[in-house]
Each structure stands twice: as structure tokens, then as C-alpha cells.
Amino acid sequence: MVAARFDEPSQLISHVLSSSQSRSTDMPRRHSPSNTSSKIRKIGKRMRGRISSRVTICSLPDDVLLDIFEFSLLDPGELRARTWPKLVHVCQRWRYIVFASPLRLDLRLLCTARTPLRRTLDVWPPLPIQIQCFSVYPRDEDNVIAAFERPNHVCSILLHEIRIPLEHLVAAMQEPFPELGYLSLRMKRPDGAVPALPTTFLGGSAPRLRSLHLRHIPFPTLPRLLLSSNDLVHLSLSRIPHNGYISPEAMAMCISALTSLTKLSITFLSPTSRPDPTTRRRPPLTRAVLPALTNLYFCGVSEYLEDLMSRIEAPLLDVMKITFFNQLVFDIQQLSWFIGHAPALISCDTAYTLISHSSALMGFSSMRRPSQFLRFEIPGRGVDWQVSSVAQIFSQLLIMSSIETLYIDDFLDLSSSSSTLQDVMDETQWLEFFNPFTAVRTLYIRSQTMQSHVVSALRGLGGESATQVLPALRMLHVPGYWASGFDQDNVWPFIIARRQSDHPVFVLGGRVMK
């Protein structure tokens, strides 16, 4: 190794760390820029007074080199696991320093689908093994299974786009993995039924598991496994097949013991995964509190979510996304109670609705805290049915009394079919849609198609009925309305009726920015 010379310790630090500082800016970092600067200053202070102004890197003390190594390995995950082996190949001294501090440097052996594990694992010390394969083909099966032969050392497993029979991998994962902290298994969309994971998967326990992600993989006995995973932080069960169905009672009992859980995602593959009405139990008198849960995602039938919401409470929840399958009736009283007892969601003051032929999207957020929001999506055909479904949801939510701003828009495919919509839309459906919005002061209708239908519905309101719908409304924004070709007289009966009842509404037709 060539010994470079520098006039100041700071020049030496900048030179050694240049590769770390020049990495792509879009790579996730473990430390913020302020922490990075603090680290540089810390290393510089430790060097001052201990080495002369003209030094070589070989003359740095071991503890200073260790600081530099730690800083150069700031990148998480795969990049970090690929970087540290380069340090141990520089010289014997560096190899000794690195292997003497495996915990501080978070050393891991990265195993990919193309890593010849049976020949290389014996070369390295017994370090934690990180298995990472974003596509698993039949030719990769032997390498992946070779890593499973050391279950006591495996700390992370990521197997995505699995194209081999799942039972081949499961057969190699029957023993306990006591150090496993991260597990993500995603099958490539299967053509047929996928066999369910057995009770003996991972030896039936995962005491150090903190993150679990399953996609297209049935695991009906998952609650039994999670009894040992008290430190779980993220749980994602995506596209659950019907043979992996877990009842809402079992799911609630399972997650109620996960006091560290912050993110929960439950999405079913089809509406056939639903509670059996003949065996549904009455909700308990008390709910289990999830003290750390902040994000909740669900896709399925409303009956399942109702049964689940009747058993849990999440006071810190600030993000909730719900997708219901196409159904005629939505009974969400328990869900409404659950949302109403999440302070971040109950503080929402803005609502938006997007209507189209294929789906309806509803959202709630706060102007002061846009990162906190609630969203519903209902896929299905028929705009009239979509408006009716949205009205059902709105009429049952407790948070409606705090909504002061409402946006209505449509998707791009809707405007091209306005002639068809004229035949299928019922004006009374819009009045039912607006009934829950008793506190809305500002209404934005961005789409010309939606403007036509909403204005037509409001036109028929007169006398007392004009103040019964949107009683707090003060501002109606219809951008481009006056130039859209519609009859301006349609909106005036509603405006005049509101003025006569001392509830005036002002109409703005200028451009409104999104």
C-alpha cells in the first residue's frame, strides 16, 4: 500500500472518506448530514495532539482507524455488506481491526442467488448471514438452501419473485432461526394454489423477528409463530390467498400482544376471504390497545375489518389506507369508532373525492399535518354506484363534523364519457353524498363533468332545503365554469335561496391550483 502524505489531519480525513462522501445522493443514509459533520469533527479532535502534521495513514492509531472504518460503512443493507470485505483485503492490520469489532461495524456476510455459498462460507468467520435475492430461479435453489444450513447465523432473509416450488424452501426452514430479525418472502404471482406454510416453519418460533413480510404466501398458523415475536415492529401480509385465511378474532388476539408494532398491513387476494356469518362472535367489552401502531393498511371485505376494529384500539395511528372489495352494503360503525379514537385522524379538516367508472377514492387529511391522512378506495363499475358507495361511507364516519374543505374531481377517463354519465347519474345521489358534510365551508369542484352534476343537484334546492344541504357552505369554487359552456343560470336558484336565508354562498370561477 502506498503511504500518502498530508499536511493537516483534516486533509487525511477528507482523503480517506472521499469514497463515502462521493456516493450517490439518492442512497439512503444511516446518519444525517449534521451527524456526518459531527463525526468528522470527532475524528479530527481525536487525532490532534496525537499525531504530527505530516503523517501517513499507516501511522494512525487503531482506534482512529476504527472510527474511520465505521464512518465509511454508513450505508445500510447490501452496500454496507459489500463494502467491508474490501477493507480486510488491504492488509493484515486492517483485517485484525475490522474482525475485532464485528458488532460496532455491524459486519454481515451477504449471500445472493449467485454467491457460491458452499465454497465461501467456510472462508469467513462465523458472522451474521444476510440472504438477499430479488429473483429466485430454479438455478439459484442450491445456493439459497446452502445458506439455510446455518440457521444460527442467519439474521436477514429477503427472497422475492420466487419462481421455485415454495415447499423446497420451506423444507430447509424447519429449524429455529434464533437470530432472524428480518423476513420477506414474495412469490411471483402463482398460477395455482400455493401450499400453506406449516406450523413447524422456523421451528415454530422467531424470538428476535422485527419485520415480517409475506406476499402471495398462505400462513394460517401465523398467530402461533408470532407468540414468540414480542419485538415485531412491521407486519405485512399481502395478497393473502384463501387457504391462508386468518379469522379477525385470531388476528386481533395475535397483534394485541405486539406492543412494539408500528406498521400493519393486511390485504386479501379475493372477497371470498370473509368471516363466516354463522360463527361470528360478539365483540368483547374491552379493546386491546396497540400503543405503538402508526400505520394501518387493509384490503378486503368490510365485515372482516369491522370484526377486527371492534377488538383493537390505536391511539397513535396517523396513516390509514383502506380498500374495500365491491359490495352493495357497507356497515362500518366499528371502524368509525376506531377512527374517532385516533386523535391524529379525528383532527382531519379536509376531504377529497375522486369518482370514475372503475373506482371511487376518498381521502381525509389536515392542512396543518398533511402527513397524517385517512384514505378509502372502492373499486367497481358504474359511476352512480360509486357515488352511492361513497355516500354510505361518509354517512357513518364520526370525523365528518370536522371537515371544513371538500374537493370533488374525477379521473381522466371520465371526462371523455360525459354523455353517458348524463344518463346514469341521479341528482338525489349527490344530495345524499353532501348530507354528512355539515361543517364544510369551502367546496372545490375541479372537473367540468362533476361541476355539471353537482350544480344540477343544487339547482333544485330552494327555501329551507337550500340550507339543509351543506349548511355551513360559504365558498363554491368551480374553476373554468363560466367558460365551460354550461348554462350559468343553473347555479343561481341555489345562490339566491341561500342569500334569502342569510346563508350566502360566493361563487368563484377562476383557476384553482391543486
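Things to note:
- Spin-label model distance (nm) - Ser59 vs Glu175, 7 Å beyond Cα toward Cβ: 5.1
- Integer Hz, Karplus 6.51/-1.76/1.60 couplings in order for region 304-321, x for Gly and Pro: 5, 5, 4, 5, 6, 5, 6, 10, 9, 9, 9, x, 9, 5, 10, 9, 9, 10
- Calculated FRET efficiency for the pair Leu398/Trp492, C-beta based, R₀ 35 Å, to 0.05: 0.50
- Take the Cβ atoms of Val289 and Asn243, set R0 to 25 Å, and the FRET efficiency comes out at 0.20.
- Ordering of 62-68, 84-90, 449-455 by burial proxy (mean other Cβ atoms within 10 Å per residue, highest first): 449-455, 62-68, 84-90
- Environment charge at Thr442 (Cβ cut-off 14 Å; Lys +1, Arg +1, Asp -1, Glu -1): +1
- In order through region 388-402: 3J(HN,Hα) via Karplus (6.51 cos²θ - 1.76 cosθ + 1.60), integer Hz, x for Gly, Pro: 5, 5, 4, 4, 4, 5, 4, 5, 10, 8, 6, 6, 4, 5, 9
- Highest average packing first - 296-308, 249-261, 121-133, Cβ atoms within 10 Å: 296-308, 249-261, 121-133
- Net charge, Leu308 excluded, C-beta distance under 11 Å - Lys, Arg +1, Asp, Glu -1: -2
- Among 374-383, 470-479, the order from most to least packed when residues are scored by Cβ within 10 Å on average: 470-479, 374-383
- Counting charges near Leu159 (Lys, Arg +1; Asp, Glu -1) among other residues having Cβ under 12 Å from its Cβ returns a value of +1.
- Taking amide H as placed 1.01 Å from N in the peptide plane, Cys111 has its amide H under 5 Å from the amide H of Gln130, Ile131, Gln132, each at least 5 places away in sequence or on another chain.
- Relative contact order (%) - region 150-208, alpha-carbon pairs under 8 angstrom, separation at least six: 45
- Structural descriptor for region 275-417: relative contact order 23 percent, calculated from alpha carbon pairs under 8 angstrom and at least 6 residues apart.
- Karplus-based coupling profile of region 272-279, in residue order and whole Hz: 5, 7, 8, x, 7, x, 7, 10, with θ = phi - 60° in 6.51 cos²θ - 1.76 cosθ + 1.60 and x standing for Gly or Pro.
- For region 254-316: relative contact order, % (alpha-carbon pairs under 8 angstrom, 6 or more apart): 45
Coordinate-derived values only; no laboratory data. What you see is a predicted model; the values in this text were computed from it and never measured. Methodologically, a virtual Cβ is constructed for each residue, glycine included, from the backbone with ideal geometry; neighbour enumeration extends over all protein chains shown.
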